[in-house]
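FYI, it's all coordinate maths here, none of it is from the lab. What you see is a predicted model; the values in this text were computed from it and never measured.
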Amino acid sequence: MRLWCSAIAAVVLVTGTVLASDAAACSVCFSGAEETRSAFIWTTVGLSLFPLAMIGGIVAVLVRRFRQLEREHAERVAAPAREAIG
């Protein structure tokens, strides 16, 4: 088992090393064109804000659900009191 893991790790390492030379660009490589730099900047901004928006959306859904449950609980507690008075 250990031999297979070592063999797989070696194949992945060699393949990654050989294929890395085929990479034409990286995230910090810029050309002289303003459009290219602008695209990199806006992509970075979008990818940075996307997780924050997801977290904010999840928090908003949870807060909304919590408030709904509080209202339902308050109505259930108040219903017997109204019946006793009425």
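So here's what we get for this one:
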quantity	calculated
Note, ³J(HN,Hα) from phi for segment 61-68, Karplus 6.51, -1.76, 1.60, rounded to Hz, x at Gly and Pro	5, 5, 5, 4, 5, 4, 5, 5
Difference of contour (0.36 nm per residue) and Cα-Cα distance, Arg37 to Met54	3.5 nm
Length gained when the stretch Ala79-Val18 is fully extended (0.36 nm per residue, less Cα-Cα span)	14.7 nm
Estimated vicinal HN-Hα couplings, Hz - segment 44-60 in sequence order (Karplus 6.51, -1.76, 1.60; Gly, Pro = x)	5, 4, x, 6, 7, 7, 4, x, 5, 5, 5, 4, x, x, 5, 4, 4
